[in-house]
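The next block holds one structure in the form of structure tokens; read it before the comments.
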Amino acid sequence: MSALDRATVERFRADFASALGRPVAAEERLALAVSGGPDSMAMLALAHAAFPGQVVAATVDHRLRAASADEAAMVAGWCEAAGVAHTILIVEDEIGTSAVQARARERRYALLLRWAAESGAHCLATAHHADDQAETFLMRAARGSGVAGLAGIRARQTRAVSNVAVVRPLLHWRVAELRTLAVGQRLPFVDDPSNADAHYDRTRFRALLRDTPWLDPLQIAKSAAYAAEADATLREIEAWLWRTRKIVPVGVENPDDQSWLDIADLPRELKRRMCRSAIDSVRSVNGITRPAFGDSANIESLLDALEAGRSATQAGIMVSVKGNVWRFAEEPPRRSL
């Protein structure tokens, strides 16, 4: 393997600091999620060159394909030769046959965040790049997502449970240049066959970008970044409203497991955001994890019902209306027939 040129290493170093939101401290432990694909192997080589002696890496074996154990061992072998500490994390429970990608992602992040925290790292880097961002933007636009969804893959997300920030230093890098780097550095890598499986929405949008040259992933990624800036500003407004519009009725038992919001005179976008916050809060307090709920979840039908004065449910939460106050509580169990 030849040495990476200084400009490329400096570019990565700057992008890593930008994603982290601060300069990387000397001797700071940096955790990397490395699948064994060309993107993550390129990130591993770049990080090793930019921050020598500071990188630790992990590969998750989901046990969904027969070759996955060999792929994890391939990453481990490169790391051993390079002097990078590497861990193979195995998904022990069955992922199932429905919503495979979402379930695999959930288990992967849970394992990686725990490993990163135990390794003494305060950040976990993934190899999401500009093409991933463009695909995500188009997928969510096609589903009618709002600002939060169109913000796509965030450059930095802090997970409160682990106190580890997930950072994406490659969001300004094209997939082609990462593959070229991997080939040029003679890095071992594998192409995940699921990336070409038309069963998945992302694969179809990937093909759309590949076959439509005038759709520039870097420009689409910029739009996602602008949406992320707007979303951050709106989140600050949302936090202020959460403090000033949240009501705690007198005489209510166990008020912490419910939320009441005064939504008088709020525009729909702020109602939308307050709803998401209330649903997240009540789900967290009550330990509700199914069905899944996140920024990309569509809650327009819920808002339509509430604005019309009707009660409605979403993501295990019942929302009822009384004047300008919306009450969020755990959905009661269904009666058996």
| Sum of -39500 (n - 2.57) over DSSP H runs of 4+, divided by residues of the chain (222 nm, nearest 500) | -15000 deg cm²/dmol
| task | Quick one: what are the phi-derived ³J(HN,Hα) couplings along segment 274-283, Karplus 6.51/-1.76/1.60 with θ = phi - 60°, whole Hz, x for glycine and proline? | result | 4, 4, 4, 4, 5, 5, 4, 4, 5, 4
| Pairing the Cα long axis of helix 201-211 with the longest principal axis of the chain, what angle in degrees results, from 0 to 90 and rounded to the nearest 10? | 50 degrees
| task | Report, to the nearest 10°, how far helix 130-142 tilts away from the longest principal axis of the Cα atoms in the chain, using its own Cα long axis and a range of 0 to 90°. | result | 30 degrees
| Sequence-distant or interchain residues sharing an amide H contact under 5 Å with LEU89, placed H: which? | THR59, VAL60, ASP61
| Given the protein chains as shown and a 1.4 Å probe, how many square angstrom of ILE220 are accessible, to the nearest 10? | 20 Å²
| request: Only one of the values (1) 39, 21, 21; (2) 27, 25, 22; (3) 39, 22, 17 was calculated from this structure for semi-axes √(5λ) of the Cα gyration tensor in Å; name its label. | output: (1)
| task | From largest accessible area down, sort ARG283, ARG206, ARG11; use a 1.4 Å probe on the protein chains. | result | ARG11, ARG206, ARG283
| remark: On the accessible surface of the chain, probed at 1.4 Å with all protein chains in place, carbon and sulfur together account for a percent value of 52 percent
| Does anyone have the angle between helix 175-184 and the longest principal axis of the chain? Alpha-carbon axes, 0 to 90°, nearest 10? | 30 degrees
| Among PRO52, PRO255, PRO38, which one shows the biggest mean-square fluctuation in a GNM of the chain, springs joining Cα atoms closer than 10 Å? | PRO255
| remark: Between the alpha carbon centres of segment 23-54 and segment 107-160 the gap in Å comes to 17 Å
| said: Report the gain in length on full extension from VAL285 to LEU218: 0.36 nm times residue separation, minus Cα-Cα distance, nm rounded to one decimal. | reply: 20.2 nm
| Contact order normalised by residue count of the chain, Cα under 8 Å, 6+ apart, percent | 16 percent
| request: Skip the ligands, DNA and RNA, and give the accessible area per residue of the chain with a 1.4 Å probe, whole Å². | output: 52 Å²
| request: For LYS322, list the lysines whose Cα falls under 30 Å from its own Cα; do not include residues on the same chain fewer than 8 positions away. | output: LYS246, LYS271
| note | Between the modelled labels at LYS322 and GLU253 (7 Å from Cα along Cα→Cβ) the distance in nm is 1.6 nm
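The values are calculated or read from the model by the stated rules, or taken from the named source; none is laboratory data. Computed from a predicted model, the values in this text were never measured in an experiment. Note that each Cβ is placed from the backbone with ideal geometry, even for glycine, and that neighbours are counted across all protein chains shown. Just the protein is used for accessible areas: all its heavy atoms, side chains included, with ligands, DNA and RNA removed. Shrake-Rupley method; radii C 1.70, N 1.55, O 1.52, S 1.80 Å.
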